[in-house]
Amino acid sequence: MKKYLVTGSYGQIGQALIPAMLERYGKENVVATGRKRKIPLFKEHDVIYHRLDVRDQFGLRSLIVEYDIDIIIHNASVLSATGEKNPQLAHSINIEGFYNVLEATRELNLEQLFAPSSIAAFGPSTPLENTPNNTIMRPTTIYGVSKVYSELMGEYYNQKYELNFRSLRYPGVLSPDEPGGGTTDYAIWIFYEALKRKMYKCFLGPDVRLPMMLMSDCLKSTFDLLEADDSKLTDRSFNVTAMSFTPEELAAEIKKYIPDFNIVYEPDFRDKIARSWPQSLDDNEARKQWGWDPEFKFEKMVEVMIEGISQKLGIDQK
Ligand SMILES: NC(=O)c1ccc[n+]([C@@H]2O[C@H](COP(=O)([O-])OP(=O)(O)OC[C@H]3O[C@@H](n4cnc5c(N)ncnc54)[C@H](O)[C@@H]3O)[C@@H](O)[C@H]2O)c1
């Protein structure tokens, strides 16, 4: 069995990924790391956890050697909205941190580096409808710039050193866990506010269409690419998507469950970010090269989110 190290493991994705990895690969083969000293939930489930800042060269290499790590899943990142508030921090964590992880993977000859990218790697000059896998990438946020950097460096190390780099351009990922400061976060907070107050003030305009997927599809795509046969991959970075919708469409679907739900729109700086991103993605390369096939569409996603967040809030929807 391979041994995995996950960075940024207590983020929105890590909170779902770590339990799924324990089940799939076994507790003894997963090392979770993050910036917090302790994670009570991980302690409860006996997860191997270490404090690690991804910029710490010595700390990262020590853990790789101590646990004889084969594969790194690099999830530590500053997301789009937080990055725009502090571009220097985003540069330091997303670019310098990524370089540290990439170099450690090369120097210690690890088997694979998986580092998620994002739809934010695209920009206003990209064809924004049905965006192809390989197209213009000139993002206008520091987050997007850092994702293009990671993709290109990963691909360069793949050509130069045969480093097994793989990346997914996740769209907005939806789960009942708190999102980490991105632009697609509205599509999670809307459920919380609809269930708690029947009212949501949306920071995007009503018509901003963005690609999204439910967390279970995010995990499915991650495991599928992690475990894909290398000889079948002609790309290293892939578009993946399951649906696209606007805030207006999402609010209308939520109203089917909460008829007196109300939404108002007060677009802020995130509206401009969102309008520079794809409205929908062409994920045919992922489908062709490693069999990507999402499970959850829009209506089912809304049902799952209402159920999950009601449970979290202790609200009985029946
Ligand atoms: N959630 C989404 O909708 C989404 C969409 C596209 C791409 N992604 C990508 O997926 C990955 C995981 O995203 P997420 O949603 O879990 O993000 P998140 O913000 O919820 O979690 C990131 C984690 O990284 C940690 N972190 C920040 N700086 C660190 C540092 N210096 N050292 C170690 N840890 C650090 C944070 O504490 C946090 O726990 C990121 O690369 C992100 O860009 C996420």
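Annotations for the structure displayed:
- Residue list for region 209-244, restricted to those being surrounded by fewer than 24 Cβ atoms within 10 Å (Cβ to Cβ) and assigned to a loop (DSSP other than H, G, I, E, B): R209, E227, A228, D229, L233, T234, D235, R236
- Tally of residues being charged (D, E, K, R) and touching a helix residue (DSSP H, G or I) at 6+ places or on another chain (Cβ under 8 Å) across region 162-176: 2
- Of everything listed in (1) within 12 Å of the ligand (Cβ to nearest atom); (2) without any contact (Cβ under 8 Å) to a residue 24 or more places away in the chain, the single unmet condition for I73 is (2).
- Qualifying residue in region 145-161 (condition: in a loop (DSSP other than H, G, I, E, B) and either in contact (Cβ under 8 Å) with a residue 12 or more places away in the chain or out of contact with any helix residue (DSSP H, G or I) (no Cβ under 6 Å at 6 or more places or on another chain) (or both)): no
- Among the residues making up region 79-126, those that are surrounded by fewer than 17 Cβ atoms within 10 Å (Cβ to Cβ), in contact (Cβ under 8 Å) with a residue 40 or more places away in the chain and either not assigned by TED's automatic domain parsing to the domain that holds G154 or not in a helix (DSSP H, G or I) (or both) are L108, E111, P124.
- When each of G205, G181 is tested for being in contact with a helix residue (DSSP H, G or I) (Cβ under 6 Å, 6 or more places away or on another chain) and either part of a helix (DSSP H, G or I) or at pLDDT below 95 (or both), the lone residue that passes is G181.
- Checking the stated criteria, I64 turns out to be of a type outside the set (S, T, Y) and buried (at least 19 other Cβ atoms within 10 Å of the Cβ).
- Which listed residue is among the hydrophobic types (A, V, I, L, M, F, W, C) and within 9 Å of the ligand (Cβ to nearest atom), from L41, L60, L89: L89
Residue-by-condition table, conditions (1) near the ligand (Cβ under 9 Å from one of its atoms); (2) modelled with pLDDT under 95:
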| position | (1), (2) |
| --- | --- |
| T7 | yes, no |
| G14 | yes, no |
| L17 | yes, no |
| M21 | no, no |
| G26 | no, no |
| N29 | no, no |
| R37 | no, yes |
| D46 | no, yes |
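- Residue under evaluation L204, criteria (1) of a type outside the set (D, E); (2) crowded, with 22+ Cβ neighbours inside 10 Å; (3) free of Cβ contacts under 8 Å to residues at least 12 places away in the same chain, criterion not met: (3)
- Filtered residues of region 110-156 (kept if polar (S, T, N, Q) and closer than 18 Å to T241 by Cα): S117, S118, T126, N130, T131, N133, N134, T135
- Of all residue pairs spaced 6 or more apart or on separate chains, those with beta-carbon atoms under 6 Å, a first member in region 260-278 that is closer than 11 Å to T141 by Cα and a second member that is among the polar types (S, T, N, Q) are R270/T183; I273/S80; I273/T141; I273/T183; A274/T183; S276/T140.
- Sole exception among (1) within 15 Å of E193 (Cα to Cα); (2) within 21 Å of the chain's Cα centre (by Cα) for D260, by number: (2)
- Hits in region 1-58 - residues which are out of contact with any Gly (no Cβ under 7 Å at 6 or more places or on another chain) and on the phi > 0 side of the Ramachandran plot: G26, D46
- Reported count of residues in region 258-279, each being outside any helix (DSSP H, G or I) and crowded, with 17+ Cβ neighbours inside 10 Å, is 7.
- Residues satisfying the stated conditions in region 296-318, i.e. in a loop (DSSP other than H, G, I, E, B) and either aromatic (F, W, Y) or under 17 Å from the mean Cα position of the chain (by Cα) (or both): F296
- Filtered by the rule that a residue be more than 6 Å from the ligand (Cβ to nearest atom) and within 16 Å of L250 (Cβ to Cβ), region 162-178 gives P171, L174, S175, P176.
The values are calculated or read from the model by the stated rules, or taken from the named source; none is laboratory data. The structure displayed is predicted, hence computed values, not measured ones. Here Cβ is always computed from backbone atoms with ideal geometry, including for glycine, and neighbour counts include all displayed protein chains.
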